[in-house]
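Readers should treat all values here as calculations from the given coordinates under stated rules, not as data from a laboratory. What you see is a predicted model; the values in this text were computed from it and never measured. So basically every Cβ, Gly included, is an ideal-geometry build from the backbone, and we count neighbours across all protein chains shown.
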Amino acid sequence: MSKDPLGPLMAQCRERIEAVLDARLPPADASPERLHAAMRYAVLGSGKRVRPILAYAAAQATGVPWERIDAAAAALELIHASSLVHDDLPALDDDDLRRGQPTCHKAFDDATALLAGDALQTLAFEVLAADEHNPPAARVRMVARLAQAAGAAGMLGGQALDLASEGQQLDLDALKDIHRHKTGALIRAAVAMAAIAAEESAQQPADAADNAQTPAQTAAMDHYAACIGLAFQIQDDLLDVEGDTAVIGKTSGADAAHHKATYPSLLGVEAAHAAAAELVTSALAALHDFGAGADPLRWIAGYIIHRDR
Ligand code: GRG
């Protein structure tokens, strides 16, 4: 594996996705200004951009040029941002802060935040459908894949399972099921977008020679994505526990996780770290037959469990 220059690569991806999102979002000075401003507020400025970065890295692994993945990267982030806006609303988590700033409904109002979340969702599919860098067959498949990942069979379904589990004693399998849907589905979709672009390259003779994505490669990338999706959520919960422990001196994982079932609350902090590390090992094993083009995916797997935010 070549030396890990993930920092510069992430910076490059972030700069690129920022520009793509800025160009695709409606201008703040066009009517309806308040809706547009809320949409831009919810998306631009911060956020780790993990899903777009994954899509770009997966494109690199499959030999797909980045301009063919810009729309997918933007659509993923738009869906992600829309879910955060809705998740923060009083009817769900009722949060005041997101990414260190007032949540969308605090900065605007509940009704505007509800509409902005809806509008970000529809914009995601518009951006994918209108993307002239991909042949129609790729666009249709990307729209369908993202809809599946975001909807009742994916992230939204995971949120519903999470709500239904409140006050229940969850075992590890039930918890995994929630994580796989709520967090994992969109992360898998990010990697799948590049696989679709590669598979549909035959339509674009200029790319075809470089892209011979086989079903086995697509399945291997999907296994990679499923593993790091779960590892990402475990790390999220570990950061929560360890953040709380650092700030208020709590030592019990269960206490620090606010009595919610999480990997650290069910298994303890050390075993949760071990589970995340095992998932990363399995993710890396799935990339065994990929060449140096998959190095960014390999670096991201490491980042997922070593990140501090
Ligand atoms: C509107 C499509 C739509 C869905 C609404 C509310 C809801 C249904 C789903 C909630 C899904 C949710 C909040 C999942 C949490 C996933 C997660 C780990 C979020 C944090 O992601 P990061 O760390 O956040 O990538 P940043 O801020 O870096 O973007």
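Could you work out how much longer the chain between A30 and E278 gets when fully extended? Use 0.36 nm per residue separation minus the Cα distance between them, nm to one decimal.
Roughly 84.3 nm would be gained on extension.
Given the rule -39500 (n - 2.57) for each run of at least 4 DSSP H residues, summed and divided by the residues of the chain, what is its mean residue ellipticity at 222 nm, to the nearest 500 deg cm²/dmol? Before the final figure, lay out the partial values.
Numbers: 16 runs with 211 residues, N = 309.
Counting only the DSSP helices, I get -21500 deg cm²/dmol.
Would you mind pulling out the separation of the Cα centroids of region 102-172 and region 37-79, in Å?
Going from one Cα centre to the other spans 14 Å.
Quick one: how many lysine pairs in the chain have C-alpha atoms under 29 angstrom apart, if they're 8 or more apart or on different chains?
Here the count comes out as 13.
Run the dipole for the chain about the Cα centre, Lys and Arg Cβ at +1, Asp and Glu Cβ at -1, nothing else charged, and hand back the magnitude in debye, nearest 20.
Working: 25 positive and 42 negative charges, 96 e Å.
For this selection, approximately 460 debye.
So what is Rg over Rh here for region 6-306, counting just Cα atoms and using Kirkwood for Rh?
Numbers: Rg = 19.2 Å, Rh = 19.8 Å.
Reported Rg/Rh (Cα atoms, Kirkwood Rh): 0.97.
Quote the FRET efficiency, to the nearest 0.05, computed for L44 versus D110 with a Förster distance R0 of 22 Å and r equal to the Cβ-Cβ distance.
In this case the efficiency is close to 0.55.
With +1 on the Cβ of every Lys and Arg and -1 on the Cβ of every Asp and Glu, and nothing else charged, how large is the dipole of region 85-149 about its Cα centre, in debye rounded to the nearest 20?
Computed about the Cα centre, the dipole is about 440 debye.
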